[in-house]
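Encoded as structure tokens, the structure appears first; notes follow it.
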Amino acid sequence: MFLEYKKVHNCIIIGSGPAGYSASIYAARSELNPIIFTGDQPGGQLTTTTSLDNFLGFPNGINGVDFMENCKKQAKRFNVKIVEKTITKVTLSYKKGGIHYIFFGEKYIKSRGLIIATGSTPNFLGLKKEKKFVGLGISFCSICDGFFHKNKVVAVVGGGDTALEEANYLSKICKKVFLLVRKNYFKASKILQNIINKKNNICVLFNTSIVEIIGKDFLEEIKIYNKQKQNYKTISISGLFIAIGHIPNTKIFSGKINLDKNGFILVDTRDTSTNIPGVFAAGDVQDINYKQAITSAGTGCMAAIDLDKYLYSINKKKLNE
Ligand SMILES: Cc1cc2nc3c(=O)[nH]c(=O)nc-3n(C[C@H](O)[C@H](O)[C@H](O)COP(=O)(O)OP(=O)(O)OC[C@H]3O[C@@H](n4cnc5c(N)ncnc54)[C@H](O)[C@@H]3O)c2cc1C
């Protein structure tokens, strides 16, 4: 492999979604010679969608796989080193200017700068056909895919803030929105509950879970079960929006870096710095609000600029040891 193990690098990026690639391009153009570790899902979450319709600059939309392939090609144009490995452990220095150790299996490399862009993974319901229909009627993002269900009937699963926000957003576009809540109450804030209760095209079904996803090549229907009434019902929908949370990919950073109660990396309110000098976080891994490709790419850019400034501040930029 082309990695230099003895050298102290300037910029290691963990993750190859929009945040990681955006960071790599900015870092390469600042001559930080970035190395990007792709992890198990090269290209990240967007490689699971056929249509990326809301990223600026693509008037006809673009397939998620093609988009990420373009990002990779663009990074290669700036000589970003792309390593198809998963980081298994990190040992971080708490000292300004200190050296971080980044392990992949038995091997490790050293760097003064680290950008974490490991993203998050949406929670699935665990039903048959669920994964098959992602992008074919099943979605995790109303802002991304609601548009495709204009004037149609859809369902949202979940009872927290995200689910109610999704239902509210969809109610402005769709004819009818079923909001399926497993418990007999909402976990969401009172304000959101009041908004939902006032909508006459949102039908809230408490005590309800999905037991089957039905369709041949595309989602067509769902079978639901009401545990209070103990009955089954089948409803026809064009879209199912799963809003039962995301798990941030931060297991290897647990106890080493400040995380919030759900495991997302805490960054400064004004930039992408974490509580560890030289370590920055970008994209979904630090984002509890937006979780969009464009915001991930945006924070990737910020992380590279923040790291560049950090390296200047410790006089290590462009230093080869
Ligand atoms: C089905 C679907 C459709 C979507 N559609 C849209 C859309 O239309 N528009 C939109 O704006 N957004 C959409 N999104 C959301 C969008 O994909 C995410 O917001 C975006 O991908 C987040 O980018 P990221 O770079 O932060 O992380 P991710 O894309 O999640 O990438 C994370 C990367 O980190 C790597 N990684 C994780 N752990 C390790 C490790 N230990 N070592 C090395 N690498 C690691 C993974 O392999 C992966 O490459 C969609 C998401 C899904 C799931």
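The values are calculated or read from the model by the stated rules, or taken from the named source; none is laboratory data. Computed from a predicted structure; not experimentally measured. Cβ sites come from the backbone with ideal geometry, for glycine too, and all protein chains shown count toward neighbours. Protein only, heavy atoms only, side chains kept; ligands, DNA and RNA dropped before computing areas. Shrake-Rupley method; radii C 1.70, N 1.55, O 1.52, S 1.80 Å.
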Q: Within the set of other residues whose C-beta is less than 14 Å from the C-beta of G135, count the net charge using Lys and Arg as +1 and Asp and Glu as -1.
A: -2
**Q.** Cα convex hull volume per residue for the chain (Å³)
**A.** 145 Å³
Q: For the stretch 124-242, state the semi-axes of the equivalent ellipsoid (square roots of 5 times the eigenvalues of the alpha-carbon gyration tensor), sorted largest first and rounded to whole angstrom.
A: 20, 18, 12
Q. What whole number of Å gives the distance from the Cα centroid of the stretch 180-198 to the Cα centroid of the stretch 136-162?
A. 17 Å
Q: Apply 1/(1 + (r/R0)^6) to the Cβ-Cβ distance of F147 and Y312, taking R0 = 35 Å, and write down the FRET efficiency to the nearest 0.05.
A: 0.20
Q. Suppose R0 equals 35 Å; then what is the FRET efficiency for K107 and N54 from their Cβ-Cβ distance, rounded to the nearest 0.05?
A. 0.35
Q.
Under 5 Å between amide hydrogens, which residues at least 5 positions from I13 or on another chain qualify, with H placed 1.01 Å from N in the peptide plane?
A. I35, I36, F37, I115
Q) Which length gain, in nm to one decimal place, applies between Y94 and D66 when the Cα-Cα distance is subtracted from 0.36 nm times their residue separation? A) 6.2 nm
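With +1 assigned to the C-beta of every Lys and Arg and -1 to the C-beta of every Asp and Glu, and no other charges, what is the dipole magnitude of the chain about the Cα centre in debye, to the nearest 20?
So the dipole magnitude of the chain works out to roughly 460 debye.
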Q) If you add up the charges near Y101, with Lys and Arg at +1 and Asp and Glu at -1, over every other residue whose beta carbon is less than 9 angstrom from its beta carbon, what do you get? A) +2
Q: Just add up the charged neighbours of T295: K/R +1, D/E -1, any other residue whose Cβ is under 11 Å from the Cβ of T295.
A: -1
Q. Out of N123, S142, V65, whose Cα points farthest toward the positive end of the dipole of the chain (charges: +1 Lys, Arg; -1 Asp, Glu; placed on Cβ)?
A. N123
Q. With labels modelled as points extended 7 Å from the Cα through the Cβ direction, what inter-label distance (nm, one decimal) is found for V8 paired with N289?
A. 3.6 nm
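If we sort 300-312, 187-199 on the protection proxy, mean other Cβ atoms within 10 Å, highest first, what's the order?
300-312, 187-199
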Q. For the stretch 124-242, with only Lys/Arg (+1) and Asp/Glu (-1) charged at the beta-carbon, what is the dipole magnitude about the Cα centre, in debye rounded to 20?
A. 340 debye
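Could you report the stretch 124-242's accessible area per residue, 1.4 Å probe, as an integer in Å²?
Normalised by residue count, the accessible surface of the stretch 124-242 is 55 Å².
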Q: Work out, step by step, the length gained on full extension between K187 and E130: first 0.36 nm times the residue separation, then minus their alpha carbon distance; give nm to one decimal.
A: 18.1 nm
Q) For the stretch 1-102, what is the accessible area per residue in Å² when the probe is 1.4 Å? A) 50 Å²
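Could you work out what % of the accessible surface of the chain is carbon and sulfur, using a 1.4 angstrom probe and leaving DNA, RNA and ligands out of the count? Can you show the working numbers first?
Values: 8280 of 16290 Å².
The value for the chain is 51 percent carbon and sulfur by accessible area.
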